[in-house]
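Reviewing the structure listed below.
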Amino acid sequence: MRSKLHRSALFVLLAFSGVAAAQDAATAPATETVATTTATAAPAATNSKVGAPQEGKGLIVFFRPSKFTGAAIGFKVREGETELGKLRSGKYFVANVEPGTHQYTVHSEAKDVLTMEVEAGETYYVQGTITMGFMAGRPNLSPSDQATFDGMADKLKLAE
């Protein structure tokens, strides 16, 4: 009986490993994805949950929807070596940045880079998500908009 249980468990483990490997092989072979955006900025101070950008700066709202998939996984958003904040499921944080080109990075198995052109006095929205990886979740950053953020703002909490 115990031998059958071991064989069944081994079979299930191998089956899931094969599915995960096939899914990983079907994705792009590059380990680094780079997204470039000139995101459409929202009018300043339109969302009371986020506030207005500081004088002479742009405001970027990083948020992650509350989902069961990947809920236990958080990831750090960095610009260069500087950690701006950590995104967990159902959280958001705000960064006031100087105008110009900025590259925001998240990584675990793979690295994702989002390049943004920020203008003073404008508010930008960036949505973080987790997709399935081979051994760990893969964090992604993508441009978003105020309507998407506002639609889930009541469910989001400010990251610590």
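The values are calculated or read from the model by the stated rules, or taken from the named source; none is laboratory data. No experiment lies behind these values; they were computed from the predicted model shown. Ideal geometry is used to build each Cβ from the backbone, glycine not excepted, and the neighbour counts take in all protein chains shown.
So Val126 ticks every box in (1) within 11 Å of Phe62 (Cα to Cα); (2) of a type in the set (A, V, I, L, M, F, W, C); (3) more than 14 Å from the chain's Cα centre (by Cα) but one. Which box is left unticked?
If we test Val126 against (1) within 11 Å of Phe62 (Cα to Cα); (2) of a type in the set (A, V, I, L, M, F, W, C); (3) more than 14 Å from the chain's Cα centre (by Cα), just (3) comes out false.
Enumerate the strands (runs of 3 or more DSSP E) found wholly within the stretch 83-160, keeping only those where 3 or more residues are without any contact (Cβ under 8 Å) to a residue 24 or more places away in the chain and within 18 Å of Ser66 (Cβ to Cβ). Spell out how you get there, then give the answer.
Values: elements: 91-97, 100-107, 111-118, 123-131, 138-143.
So the answer is none; nothing clears 3.
I want to confirm something. Restricting to the stretch 108-120 and keeping residues that are over 20 Å from Thr148 (Cα atoms) and crowded, with 18+ Cβ neighbours inside 10 Å, which single residue is nearest to the chain's Cα centre (by Cα)?
Per the criteria, the residue is Asp112.
Collect the residues in the stretch 56-72 that are at pLDDT below 95, outside any strand (DSSP E or B) and crowded, with 17+ Cβ neighbours inside 10 Å, keeping them in residue-number order.
Across the stretch 56-72, the qualifying residues are Pro65, Gly70.
Within the group Lys49, Lys57, Lys67, which residue is in the same structural domain as Ser144 (by TED's automatic domain parsing) and touching a strand residue (DSSP E or B) at 6+ places or on another chain (Cβ under 6 Å)?
Numbers: Lys49 fails: touching a strand residue (DSSP E or B) at 6+ places or on another chain (Cβ under 6 Å); Lys67 fails: touching a strand residue (DSSP E or B) at 6+ places or on another chain (Cβ under 6 Å).
Exactly one residue qualifies, and that residue is Lys57.
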